[in-house]
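Below is one structure, written out as structure tokens; comments come after it.
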Amino acid sequence: MLERWLKRHRGHLNHTTLEHTKLCIDGFPRSANSLLCRKVMATTNYNNQTLAHHIHKRQNVECAALAGIPVIVPVRQPEECILSYLVYTDGKFGGGMFQQYIEMLEFVILYSNSVTVALFEEITSDYKSIASRANRMHGEILTIPAIADENLNDKIVNKVATESQHEEKKFFREGVPNKSRDALKQEYLSFVRSHKQLTRCKLLYDKILQIASDQ
């Protein structure tokens, strides 16, 4: 049922399919989804067909989890995450983002025994911890990189630059954090901090931190 929903609503994207998907990496937008996917693809044999990604809906990760497909969910601190998304979308979606964030984290908590948490800070600077955690939960599904995260990040940045230069539509170009948007976040800061659902988001995030430490 979930696969049919995904095909109907996200059929042009890389949603979970029971026939092809070997690993699902998906979380709330602006949680370093692209960077994590690029690191996985740079160090393993997963490709754009066997990896489900960038749907940003609970249905995608739930479909994979129920089918026994390994799932990794990137998670970022809510205030920073939602601020970044507001900037990225020019202020669209408004309060609906909070509910979307809540639904994704509630899923991770519900399936914490079978879904691997990937914290934003780990994705950017400690990918080995994510790979080790995923391997403990799912078997040897990821390769521990032999190079330091800083070098792996540089490799990905160079690849993104090359793809953009040659107008190659491979994967998602914005696979690395973009600090040029930081100043714009001030426009939406009061909206985010005053939103009635932010407290709920923070409580869920605290539970995620504990789950990550226990996995």
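Values in this text are rule-based calculations from the coordinates and carry no lab data. Note that this is a predicted model, so its numbers are computed, not measured. Positions of Cβ are generated from backbone atoms using ideal geometry, with glycine treated the same way; all protein chains shown enter the neighbour counts.
Points to keep in mind about this one:
- Computed from the C-beta positions of Asn45 and Leu66, the FRET efficiency with R₀ = 30 Å rounds to 0.75.
- In this structure, the pairs whose alpha-carbon distance is over 29 Å, taken from Lys22/Lys155; Lys22/Lys92; Lys22/Lys196; Lys57/Lys159; Lys57/Lys196, are Lys22/Lys92; Lys22/Lys196.
- Inter-label distance, nm, simple model (7 Å from Cα along the C-beta direction), Ile144/Leu13: 3.4
- Extension gain for the segment Asp214 to Lys128, taken as residue separation times 0.36 nm less the Cα-Cα distance, is 29.3 nm to one decimal.
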